[in-house]
Amino acid sequence: MTAEIDVVGGDHEHTLGMSQTRDGITIRYSTEPLMPVFERMIAERAYEACEFSMANYIMLKDRGADWLFALPVFPQRAFRHSNLYVRRDSPIEHPSQLRGKRIGVPEYSMTLAVWMRGILFDQYRVHWSEMHWTTGRKQRFPTLERVYVAATDEDLERLLLDGQIDVLLAPRTRDAQLPAAERQLKSLISDAQAAEEAFLAQTGIYPINHVVVVRADALERLPNVARALFGAFRDCKAAAYKRRLGTTLVPWGARHWNRMFEKFGGDPLPYGMTASNQITIRRLAEYLYDQKLTSGIPEIDSLFLPNVE
C-alpha cells in the first residue's frame, strides 16, 4: 500500500509545514475544528492520526481502548483561569465563593473542565463535588457513574444570562465578541494571568490539553510512522520558534517572547517524555481519578508509544 497518512489537527503556527515526506512516508496535514474531530474519533474512529483531547485519551485507555496510541506530542496547552465566566452583576467575586454554586460546562469530560475542576481545589480549596454541574445533553462519554451531572437542552450561555446557572466554564463566549460596552459577562478571575502565574510557580505545570494519537491499524500499516510523525511535529515547532512571528504582531511582543521563553527554560511547548511533561500528565491523571472519570492512575510511560524521539 502507499506509504502515506492523513493527519488532522488544529491550525497552529507550530504545525505549519507538517505536510511533507519523511522517512519515506508522505504526511498530509489538514486542519479542522477540533471539537468535532474529538467527537468523531471517539464515536467513529474517523482519523488515522489526529490531534485529540488529552483527558479523553487517558479515559479511553482506562476503558481498555487498544485501537489508538499517543505520541508524546502536545500541540495545545493553555491555562484556563480566564474561562470561568459570570454575569457583570454577579455577587460572586472569587473562586473561593463557588461552593454550592451552579456551574455550566459544555462537555463534562473535556480537558479544560478536568483541569479547572482540579485547579479550583489545588489553588482555591473548593472541591468539584461541592458544586452543582450542568452540561449540554450531548456528551462524548455516557452518563458518569457516581457523579451527578444535570443535562439540559438549553444554551448554557443563555442560562447564565438568565440567572439559571451561576458560572459558565467554557473555552469562549459569544458575549466576548460584542463591543466592550455591550458585554454582559466577565471573567470571574479578574487578573487571570496573575492567577495562572501563581499556579505555575506553585506546581511547575503548564496544562497540556491536546495530544497526537494514531490508530493501531495505521501503526501496523506503516511501522515507522510514529517516528516520522514525531520528527515532523518536532521540526515544525522548532521552525516556529525560529520565526518568532508573535514578536512582530503586537507592541512589546519581542520582550514578552523573551520573558516567556526564559520562564519556560527555552521551550514552552516541550514534546517527548520530559520530566516536566510526566509531572503535568500525572497531575491530569490524578484529577481524572479524583473526579471519578477513571478507575485509577496509569503509569504515565504506558500511555505513549516508545522509541519515537
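The values are calculated or read from the model by the stated rules, or taken from the named source; none is laboratory data. Since this is a predicted model, take the numbers as computed values, not measurements. When we count neighbours, we look across all protein chains shown, and the Cβ atoms used for this are built from the backbone with ideal geometry, even at glycine.
Here are some notes:
- For the criterion of being under 24 Å from R40 (Cα atoms), of a type in the set (D, E) and under 20 Å from the mean Cα position of the chain (by Cα), E145 fails.
- Inter-residue pairs, beta-carbon under 8 Å, first in the same structural domain as F264 (by TED's automatic domain parsing) and in region 276-290, second basic (K, R) and surrounded by 15 or more Cβ atoms within 10 Å (Cβ to Cβ), 6+ apart: Y287/R117
- Any hit, region 65-72, residues being surrounded by 17 or more Cβ atoms within 10 Å (Cβ to Cβ) and either touching a Pro at 6+ places or on another chain (Cβ under 6 Å) or hydroxyl-bearing (S, T, Y) (or both): no
- Some residue of region 189-199 being touching a Ser or Thr at 6+ places or on another chain (Cβ under 6 Å) and closer than 20 Å to R88 by Cα: yes
- Inspection of region 161-175 finds a residue satisfying the criterion of being of a type in the set (V, I, T), in a strand (DSSP E or B) and in contact with a Phe, Trp or Tyr (Cβ under 8 Å, 6 or more places away or on another chain).
- In region 278-299, the residues that are in contact with a helix residue (DSSP H, G or I) (Cβ under 7 Å, 6 or more places away or on another chain) and exposed (fewer than 13 other Cβ atoms within 10 Å of the Cβ): S295, G296
- Flag for P171 being within 22 Å of the chain's Cα centre (by Cα) and outside the structural domain of A65 (by TED's automatic domain parsing): yes
- Residue-level analysis places A228 among those that are buried (at least 20 other Cβ atoms within 10 Å of the Cβ) and not assigned by TED's automatic domain parsing to the domain that holds F121.
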